[in-house]
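Take a look at the structure set out below.
Where a number appears in this text, it was derived from the coordinates with a stated rule and is not lab data. The structure presented is a predicted model; accordingly, all values stated were derived computationally and were not measured. Every residue, glycine among them, receives a Cβ derived from its backbone with ideal geometry; neighbour counts consider all protein chains shown.
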Amino acid sequence: MHDLQRLRDQALAGLAAAGDETALEAWRIQYLGRKGQVLELLRAIPDLPAAERPAFGQAANALKGELSAAFDERAQAVAQSKLAAELAAEGVDVTLPGRRPQLGRLHPSNQTLREINGIFAAMGFQVYTSPDVETDELNFELLNMPPGHPARDMWDTFYTTTPGVIMRTHTSPGQIHAMRALGPDKPIRVILPGMCYRYEQVTARSEMMFHQVEGLAIGRRITMADLKGVIVEFANQLYGAGRRLRFRCSHFPFTEPSVEADVDCILCRGKGCAICKYTGWLEIMGAGMVHPTVLRNGGYDPAEWSGFAFGMGPERITMLKHGISDIRYFFGNDVRFLEQFG
Amino acid sequence: MTVIRVPLSWLNDFVDIRDLDPIELAERLTLAGLEVEHIRWVGLNPSPRYHVPPERMDEGDGLGWERDKLFVGEITRTERHPDADRLLLATVEYGGVKPMTIITGAPNLRPGDRGLKIAFAVIGARLVDPYAEGTKTMVLKAGKIRGIQSEGMACSEKELGISEEHEGIILLPADAPVGMPLADYLGDAVLEMDLTPNLARNLNILGVAREVAALFNRPLKRVQPELARIAGIVRPEAMPRPDQPAEPFVQIVIEAPDLCPRYTATLIRDVQIGPSPHWVQDRLRKAGVRPINNVVDATNYVMLEWGQPTHAFDYDLLLERAIKAKQGVGTEPVLPPSSSGRSPTEPVLPTIIMRRAKPGETMTTLDGNERQLTPDMLMIADTLGPIAVGGVMGGLETEVNERTRHVLLEAASFDFINNRRTSQALRLPSEATARFSKGISAELTIPAASRCAHMMAELAGGRVVAGVEDCYPLPQHSAVVEITPAEVQRILGMDVPASQIQEILERLEFAVEEIPPPADRAAQRIETLRVTAPWFRLDVSIPADLIEEVARVIGYDQIPTTLMDDALPPQWRNWALESKERVRDLLMGAGLQDSISYALIGAELNRKLLAAQGEPVYDTLAGRAPADAPLPLILDPETLVRLENPLTPAADRLRSTLLGSMVNALAANLRAVGRVALFEIGKVYWPIPGERLPAEPEHVAIALAGPREAGAWLNRNDTLMDFFDLKGVIEELLERLGLLASATFEPATHPLFGPKAARVLLKGKPLGVLGELHPAVRRAFDLPETRAAVAELQLAPLAAAISARQTMQPLSSFPAIKEDLALLVDESVTAEQVEMAIRQAGGSLLRDLVLFDLYRGKQVPAGKKSLAYALTFQADDKTLKDADVEKVRRRIVARLGQTVGAELRG
Ligand SMILES: [Zn+2]
């Protein structure tokens, strides 16, 4: 019995010292293996005096059970600390940059065009497009500007070498295209986005090529009050709710009355800054009631139908939105510019 | 758009505005359509509502004249400085307790001068430093010159910040009140307005005054006799006609009344040419016109004030020419179809003829340039030849000069469209054409000429000969328009009663007549107004014009804001737009940056794209419909749509392919960054024989260059992108659009590309092209020595696919078996052939096939290549057994052997 006690102490001490899987396995073989010390003890039982056998056998079996349990416990602890050590070794500097997927970005003009399209789509305006290379007739004459009309000076025109064929100076010829395609006895609600061209020196503020979005609504009960409503709605959706708007009388040969719409400067909130030229207002679009002559040219009877039209420049809107100081960036295709947006 | 400058002091001559804040005035005018772009403050402190910070203001804008330091002064005595020859001592009364002595070197002051009124500054006054660039202010300090103390200063315009003029001191009118603060006497604000072309009537002080009077409902001051005479007259038919001169002095012949409906001439005798008084010069300068001499200044003054350009001829020179012509030197036949109705009498009188220029005719205009004239231009001629381009510029020969004694003053009316065309053709824009070319009333000629003649006489000491020679073959008629409140409501969406419409229009000097309702509805309210436009309104012809007048006077802000309640038009799906944006999204998803480049290019761009050829052989449409064109279409630059008036040769025609600008963008970016992945969706422009307008198909261009991965610590793969990166993008795009199965790639040979190039076809029709640029093209575009892969595709076939259905394939619940297949084939065998053979033999059990290795080298015989495929087999209805797969596999191997001569490897 004395031996048993000694063996137990010795085994438990050895177990406590076993720190890894190899040491544990060695311990197991030494004590609990087929040739281990505990089994050796059990195997030696027949050699004992008969009277001692039952008690010794019981004690030896108890020792075997105790050691087995201790082993399991110890093995689990070792496994856990091993896992913990492994995990600890996997720790990282979480501030290291991640692995970024390479995704392209939308051109800032196209971002704004999508915004504009979306806002007007919700108001029932659909996109309708027409050509960049246009006839003088569509670009000017049918828009109430006969040859030689002084209002033509408002648009510096690129002429092509084909007489009577020009680069459209605005998207307004789309009004005639749309009326002739969709009319003459149906209401119309379209926007006409597209590229326009002007014979203008290219500077930080003016480009020879730029987008314009024209809008056209024609119906039997369309009024200037409706035009104001649409502009207010658009401005509040594009520039954020609560915008103040100002409507000024203006002149376009293809609208009468004509209006210029200003929104309170989004940068200085109307206090005056360099962007709004200290007026507190930013011009956002030109608009007006479609001129009776233009309605007639589109196939509509101006006595029965009325309509409004408006036009705006997405590049200008984008410049204000992102604080872009120079319009020449838009079509320069410098990725260092393009990758800053969206 | 035409800019005019309106000094408020001048405006105040015609309408009382002294109580109005200039800002308020500017805002009201702006809202009514007369946009005030800027206010220039002269000697006044800007009103508190003015937002522009001082450093941003115009020259002198920041200089409000101090009321206790700057006064109207009077020189009571001028003498030489006892110790300095060039300097004068002047004694100045300025309202202070005792007069002050100043030392001055002003060239316009002489010893003995007295009674002159000046702008006087006392010591401590803040002035503009006359010797500094621009507008730098300084404080006037006491100074002593050779023992004498100067106690103040007589100021020049520059010192007061009025203009750059520093030649002499300002001499004020004799009636300037001594001691008045200068700010009250000379202070001003100038409205700089940019007016739209319909506002020709407002390009003058009187025109703006009319607007102010109507907008603020104030009376127009009709202090000038000319203005008083026409007060209240609306209809041109009722305008007073001038008396004929008692003694004829000129004969007028209008041969082209369509171009010159009215010509009037007034004679001013015995003028003395010299400088104008300060107040005239001051007003001209503030209005942006340089003073010249009293006669020319008078014409400019009246043009600025009334809007009628006039021209002053030297009458003696006209007479000399008439005599010369009479003596047989002249060439002009005198056959008056429409003349002032006098027969030529003795002695010889000048004859002024309005006619079209003769072919090849030339004339030297007063700027000294000889002008080539064409028969669509209106000439003013006499019996000897042209003396002016009508309404554009006078001739050098008959111009007034220092010796001029008598002035023949022309005030005429010209066809605005012809005038605009002539001034553009001769490149002679002027203050006169800015007005004539927008249309001004022929009725304006007489009152403006009268005003001008009297002013000329006043300024130049002359005498106006009574009577006017007036030739007016095409009299102006009034526009009469009927309008109803119902029509106003229909357009504006706002109720405006007839009485208010009438009141507004009458404020604008329209004549309004109520039309009683028809007899059967006599009890109803008057609903129709017959409106006659005043003679100076040529821009009104339809009810909409009047509606705008009503709206802008009421104020656009008063119009309600409503949501359209009109019927919503039929809506449609815009597949073209949706699919374009879907293509854009897919390409962005593939890692490409969206871009937009100029549609206008230079000729060299297409040439550079064909730099691999010695002499470029351009692509052609060759009679094909645009949809069937194989890309790229690098057309001969000479055949592209070309601009008549390009800004630069680098942008003088329209592109036929997106690739030129795309490669340009690639080159520009590769100078700044190492990796570029771009795409553009844009139009190309293809001239179509027999069509005026080009086809404008939309294309998609893609460009890739640089390392596959954006270099970073995690992915240091700097393998360059190549043909297969590009093809992968296109395959992915086609696959996502459901088009990959109907697409085929075939080798392409095009000088744009090196050997790695392919055409892509969709159901056998050309869709586009892709490839790595030929090294010669790279060099032509200055690209770095690196791979660059570009593609161009038609958008329309891609767009057409968007509405196609993609049908779901059932998912099998039975296990799949994967097998590898390594083959040895001849180099000439294409991957597509191998794949097709495998797919055909594999049948429905073959679910997937991936080429995972392509190998040439040691273990492969020369002329052969090894292809290794991973095959996936699966059935929908059972678990496949090895035997099932083995059967298919054997079939595949057999088919490969028959069709492409493939042998199994290892
Ligand atoms: Zn601002």
*Dipole of the range A:2-86 (Lys/Arg Cβ +1, Asp/Glu Cβ -1, origin at the Cα centre): which of A:Q76, A:I45, A:L4 lies farthest to the positive side?*
A:I45
*Can you give the Rg and Dmax of the range A:55-122 based on its C-alpha atoms, in angstrom?*
32.5, 97
_Helical mean residue ellipticity (222 nm; -39500 (n - 2.57) per DSSP H run of 4+; nearest 500) of the protein assembly as shown_ = -8500 deg cm²/dmol
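In whole percent, what relative contact order does the range B:249-471 give with Cα contacts below 8 Å and a gap of six or more residues? Spell out each step's value before the answer.
Details: 491 pairs, mean separation 79.7, N = 223.
36 percent.
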_Zero-based 10 Å bins, Cα pair distances in the range A:151-219, whole percents_ = 19, 41, 29, 10, 1
*In whole Å, largest first, what are the principal axis extents of the Cα atoms in the range B:575-800?*
57, 38, 30
_Per-selection metrics, the range B:601-697 (Cα): Rg and Dmax in Å_ = 14.2, 46
*Convex hull volume of the Cα atoms in the range A:1-151, per residue, in Å³?*
268
_Per residue Cα convex hull volume in Å³ - calculated over the range B:70-186_ = 99
_Can I get the semi-axes of the range B:514-644's equivalent ellipsoid? Compute them from the C-alpha gyration tensor as square roots of 5 times the eigenvalues, in angstrom, largest first._
60, 25, 17
*asked:* Once the convex hull of the alpha carbons of the range B:817-904 is built, what does its volume come to per residue, in cubic angstrom?
replied: 80
_Please list, in order along the range B:887-899, the HN-Hα scalar couplings obtained from phi with the Karplus expression 6.51 cos²θ - 1.76 cosθ + 1.60 (θ = phi - 60°), rounded to whole Hz, x for Gly and Pro._
4, 5, 4, 5, 4, 5, 4, 4, 4, 4, x, 5, 7
*Ordered by residue, what ³J(HN,Hα) values in Hz, to whole numbers, does the range B:498-506 give under the Karplus form 6.51 cos²θ - 1.76 cosθ + 1.60, where θ = phi - 60° and Gly and Pro are x?*
3, 5, 6, 4, 4, 4, 5, 5, 5
*asked:* Given bins 10 angstrom wide, list per bin the percent of all Cα-Cα distances in the range B:214-257, short to long.
replied: 18, 30, 33, 13, 5
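Counting pairs of alpha carbon atoms under 8 Å apart in space and at least six apart in sequence, what relative contact order in percent does chain B give?
Values: 1848 pairs, mean separation 76.1, N = 906.
Computed over chain B, the figure is 8 percent.
Using the per-residue mean of other Cβ atoms lying within 10 Å as a proxy for protection, in what order, highest first, do the peptides B:608-619, B:652-663 fall?
Details: B:608-619: 16.7, B:652-663: 25.8.
Put in order of decreasing packing, that is B:652-663, B:608-619.
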*DSSP loop (so not H, G, I, E, B), at most 12 other Cβ within 10 Å: list which trypsin sites (Lys or Arg not before Pro) in the range B:374-435 pass both filters.*
B:R403, B:R427
_No partner Cβ under 4.7 angstrom, meaning no disulfide-compatible partner by this rule: which Cys of the protein assembly as shown qualify?_
A:C196, A:C249, B:C155, B:C260, B:C452, B:C471
*Total charge dipole magnitude, the range B:70-186, about the Cα centre, Cβ charges on Lys, Arg, Asp, Glu only, Debye to nearest 20*: 420
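Over the Cα atoms of the range B:93-140, what is the Rg over Rh ratio if Rh follows Kirkwood? Spell out each step's value before the answer.
Working: Rg = 13.1 Å, Rh = 13.0 Å.
Rg/Rh: 1.00.
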*Solvent-free Debye scattering, log10 I(q)/I(0), computed from the Cα coordinates of the range A:213-256 at q = 0.29 Å⁻¹*: -1.21
*Using θ = phi - 60° and the Karplus curve 6.51 cos²θ - 1.76 cosθ + 1.60, what whole-Hz ³J(HN,Hα) does each residue of the range B:750-763 get, with Gly and Pro shown as x?*
8, x, 5, 10, x, x, 8, 8, 9, 9, 10, 10, 10, 6
*Summarise the partner chain shielding of A:131-137 as one whole number: the mean count of Cβ atoms from other chains within 10 Å of each residue's Cβ.*
4
*Principal axis dimensions, largest first and in whole angstrom, of the range B:439-479 by Cα*: 40, 18, 12
*Within-10-Å neighbourhood charge of B:P797 [Cβ basis; K, R +1; D, E -1]*: +2
*Please report Rg over Rh for chain A, where both radii come from the alpha carbon positions and Rh follows the Kirkwood definition.*
1.61
*What translational diffusion coefficient, in µm²/s and rounded to a whole number, does the Stokes-Einstein relation yield for the range B:728-851 at 10 °C and a viscosity of 1.306 mPa s, taking the hydrodynamic radius as the Kirkwood radius over Cα pairs?*
91
*Mind giving me the FRET efficiency for B:D19 and B:N45? R0 is 22 Å, r the Cβ-Cβ distance, nearest 0.05 is fine.*
0.80
_With a cap of 15 neighbouring Cβ atoms within 10 Å, and only residues DSSP puts in a loop, list the GluC sites (Glu not before Pro) found in the range B:643-704._
B:E644, B:E691
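Give me the inter-chain shielding for B:894-900: mean count of other chain Cβ atoms within 10 Å, whole number please. All intermediate terms of the calculation are to be shown ahead of the outcome.
Working: counts 0, 0, 0, 0, 0, 0, 0.
Counting other chains' Cβ atoms within 10 Å and averaging over B:894-900 gives 0.
Stokes-Einstein at 25 °C, 0.890 mPa s, Kirkwood radius from Cα pairs: D for the range B:480-558 in µm² s⁻¹?
This corresponds to a translational diffusion coefficient of 192 µm²/s.
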*asked:* Positive end of the dipole of chain B, charges at C-beta (+1 Lys, Arg; -1 Asp, Glu), about the Cα centre: which of B:V128, B:A84, B:G168 has its Cα farthest in that direction?
replied: B:V128
*Per residue of B:534-543, how many C-beta atoms from partner chains lie within 10 Å of its own C-beta, taken as a mean?*
1
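At 20 °C and 1.002 mPa s, what whole-number value in µm²/s does Stokes-Einstein give for the translational diffusion of the range B:249-471, with Rh from the Kirkwood sum over Cα pairs?
Values: Rh = 17.3 Å.
Answer, rounded: 124 µm²/s.
Please get the size of the charge dipole for chain A, origin at its Cα centre, with Cβ charges of +1 on Lys and Arg and -1 on Asp and Glu, quoted in debye to the nearest 20. The partial results should precede the final answer.
On the way: 36 positive and 39 negative charges, 104 e Å.
Approximately 500 debye in magnitude.
About its Cα centre, how strong a charge dipole does the protein assembly as shown have in debye, to the nearest 20, once Lys and Arg get +1 and Asp and Glu get -1 at the Cβ? Intermediate values should be presented prior to the final figure.
Values: 136 positive and 162 negative charges, 555 e Å.
With only Lys, Arg, Asp and Glu charged at Cβ, the dipole is about 2660 debye.
So what is the relative contact order of the range A:105-185, in percent, for Cα pairs below 8 Å that sit 6 or more residues apart?
Details: 58 pairs, mean separation 24.2, N = 81.
It comes to 30 percent, rounded to a whole number.
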*Set Lys and Arg Cβ to +1 and Asp and Glu Cβ to -1, take the dipole of the protein assembly as shown about its Cα centre, and tell me which of B:P177, B:N294, B:C260 lies farthest positive.*
B:C260
*Mind jotting down the three principal axis lengths of the range A:2-86 based on Cα atoms? Whole angstrom, largest first.*
53, 18, 16
*Relative to the longest principal axis of chain B, what angle (0 to 90°, nearest 10) does the C-alpha long axis of helix B:543-554 take?*
70
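Normalised radius of gyration for the range B:713-756, please: alpha carbon Rg relative to 2.2 N^0.38 Å, two decimal places.
Dividing the Cα radius of gyration by 2.2 N^0.38 Å gives 1.51.
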*Amide H partners (placed H, <5 Å) of B:S156, local residues excluded*: B:I170
_Shape metrics for the protein assembly as shown, restricted to C-alpha atoms - Rg then Dmax, Å_ = 44.7, 177
_Percent breakdown of C-alpha pair distances by 10 Å bin, ordered from the shortest bin, for the range B:130-271_ = 7, 18, 25, 22, 17, 8, 3, 0
*Per-selection Rg to Rh, chain B - Cα, Kirkwood hydrodynamic radius*: 1.16
